[in-house]
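Since the structure comes first, as structure tokens, the remarks are kept for the end.
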Amino acid sequence: MRNRPTLPVQKTVIERVLNIISIILLVGMIGYVAAMWGSIGNRVPIHFNAVGKPDAWSGKFSITGILIVPVALYMFLTFLGNRPHTHNYLVEITEENAQRQYKNSRLMLSWLKIILIATFAYDTWRTVDISLGRANGLGTYSAVVFIGLLFGTIAIFIFRSIRLK
């Protein structure tokens with residue numbers, strides 16, 4: 001952290017919107033499982049192969065794990081986003097560029113948060129549908145889309161960080 005300036009950085013409109021969408025997705029995911037709980041079978045998929053087909057199964061209560069992880073991720077990424085002076089940066093942070101770099105880093109975390117939570121929401125929906133016999137997998141390209149979005153977002157924000165030097 002090398003004596004980085006600790007500055008109050010106002011949240012941007014896009015950060016606020018992404019945060020609201022993340023919360024809506026979390027609440028919707030938990031609400032969906034709660035609403036469907038009585039219908040969910042005693043066997044739910046807990047792991048999927050590379051093409052999105054279930055290859056391991058467990059009891060109904062294992063679906064709570066898929067709800068706990070995104071809530072924990074939301075809390076951790078929100079906590080981390082409120083401390084941009086502690087993040088790792090590719091450029092030296094100075095008084096002159098700190099505000100720009102901190103905003104960029106926080107915005108990246110906001111996008112990563114929504115990508116992760118949206119992926120968990122999709123996986124939860126498909127897991128419930130699979131347990132009800134309405135689907136047979138996550139979809140052939142779901143992992144590719146997730147990895148592409150995740151690493152694409154990181155690459156974009158690394159490029160922005162270098163440009164905002």
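The values are calculated or read from the model by the stated rules, or taken from the named source; none is laboratory data. For clarity, every value in this text was computed on a predicted model and none was experimentally measured. Reconstructed Cβ throughout: ideal geometry from the backbone, glycine too, with neighbour counts over all protein chains shown. Just the protein is used for accessible areas: all its heavy atoms, side chains included, with ligands, DNA and RNA removed. Shrake-Rupley method; radii C 1.70, N 1.55, O 1.52, S 1.80 Å.
Annotations
- Helix axis angle, 98-131 relative to the chain longest principal axis, alpha carbon, degrees: 0
- Secondary-structure-derived ellipticity at 222 nm for the chain, considering helices only, amounts to -21000 deg cm²/dmol, per-run term -39500 (n - 2.57) for DSSP H runs with n ≥ 4.
- By accessible area with a 1.4 Å probe, ligands and nucleic acids excluded, highest first: order of Met108, Met29: Met108, Met29
- Test item: Cα-centred dipole of the chain, Lys/Arg +1 and Asp/Glu -1 on Cβ, debye: 260
- Charged-residue dipole, Cβ positions (Lys, Arg, Asp, Glu), segment 1-98 about Cα centre, Debye nearest 20: 320
- Segment 116-165-segment 74-103 distance, computed between alpha-carbon centres (Å): 24
- Per residue accessible area of segment 36-110, 1.4 Å probe, in Å²: 55
- All lysines inside 22 Å of Lys165 as judged from Cα atoms, apart from same-chain residues fewer than 8 positions distant: Lys11, Lys103
- Portion, in percent, of the accessible area of segment 1-132 that falls on carbon or sulfur, probe 1.4 Å: 65
- Nearest-ten-degree value, helix 65-81 long axis tilted from longest Cα axis of the chain: 10
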